[in-house]
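This report refers to the structure that appears directly beneath it.
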Amino acid sequence: MRKKTLQTIILITLATGEWFALIAQFILLMQTKSAPRGELIIRFFSYFTLLSNLLIAVSSTAILFFPNRRPGCWFLKPQVATALSVYIIIVGLVYNIVLRPLWDPQGLQKTVDELLHTVLPILFILYWTWFVPKKELQYSSFPGMLVFPIVYIIYTMARGAATDFYPYPFLDVTQQGWPATLVSIVLLSAFFIGLSLLMIFIGKKIARS
């Protein structure tokens, strides 16, 4: 199979899988009726998991349909693809190590969870490994990779203080207090920094091989 054909197949699978999982998760959340509809919509866009997967959905769709236009060209940049790989790796690791033991989804929710936290993250890392050009990767790209998670943490903690809604238990000040929450934020920050530098290192290593 030609490399270009395989790349297209993976991008189609990513785009299809991401949009299916995101739309299904949105419907499932709306069906809970656990809060007013407007609040549920805001909560949907308050999960790092869903935002990261949404970025990959938009990325794969843009590369498929607009590879030579601004959206596709932007997502084709190695530093952008590498940043997305960092985000989605953290999504997978945090869920499978920290959050998976805390609940047992059933039916469609289980399928959606596996897609968003395991199957699609692995597929995107394969795409990054095989198809993203890495010769232009530089350590100077590292600060830009942290903008999204920094903004996310600030938004999450500010909105949580105003509404008492925190999307993840390790960020929930109302349940564990500020000291434990600050420890979680510091650990997550170190994880983001370390993984970002590691992915740049791996990318440069692959480019030289």
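Values computed for the structure shown
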{"quantity": "Matching entry among I89, I125 (being among the β-branched types (V, I, T), modelled with pLDDT of 95 or more and surrounded by 20 or more Cβ atoms within 10 Å (Cβ to Cβ))", "calculated": "I89"}
{"quantity": "Yes/no for L146 being without any contact (Cβ under 8 Å) to a residue 40 or more places away in the chain, out of contact with any Cys (no Cβ under 8 Å at 6 or more places or on another chain) and either farther than 23 Å from W130 by Cα or exposed (fewer than 15 other Cβ atoms within 10 Å of the Cβ) (or both)", "calculated": "no"}
{"quantity": "Search result, residues across segment 134-143 that are in contact (Cβ under 8 Å) with a residue 60 or more places away in the chain and either within 15 Å of the chain's Cα centre (by Cα) or surrounded by 13 or more Cβ atoms within 10 Å (Cβ to Cβ) (or both)", "calculated": "K134, L137, S141"}
{"quantity": "Options F192, F170: the member that is buried (at least 17 other Cβ atoms within 10 Å of the Cβ) and within 20 Å of A83 (Cα to Cα)", "calculated": "F192"}
{"quantity": "Pairs, first touching a residue at least 24 places away in the same chain (Cβ under 8 Å) and under 17 Å from P121 (Cα atoms) in segment 19-35, second surrounded by 15 or more Cβ atoms within 10 Å (Cβ to Cβ) and polar (S, T, N, Q), C-beta under 7 Å, six or more apart", "calculated": "A21/N53; L22/N53"}
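Per-residue answers, yes or no, for (1) at pLDDT below 95; (2) of a type in the set (G, A, S); (3) part of a helix (DSSP H, G or I):
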{"position": "K4", "(1), (2), (3)": "yes, no, yes"}
{"position": "I9", "(1), (2), (3)": "no, no, yes"}
{"position": "E18", "(1), (2), (3)": "no, no, yes"}
{"position": "A24", "(1), (2), (3)": "no, yes, yes"}
{"position": "I27", "(1), (2), (3)": "no, no, yes"}
{"position": "M30", "(1), (2), (3)": "no, no, yes"}
{"position": "E39", "(1), (2), (3)": "no, no, yes"}
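The values are calculated or read from the model by the stated rules, or taken from the named source; none is laboratory data. Since we're looking at a predicted model, the values are computed, not measured. Cβ sites come from the backbone with ideal geometry, for glycine too, and all protein chains shown count toward neighbours.
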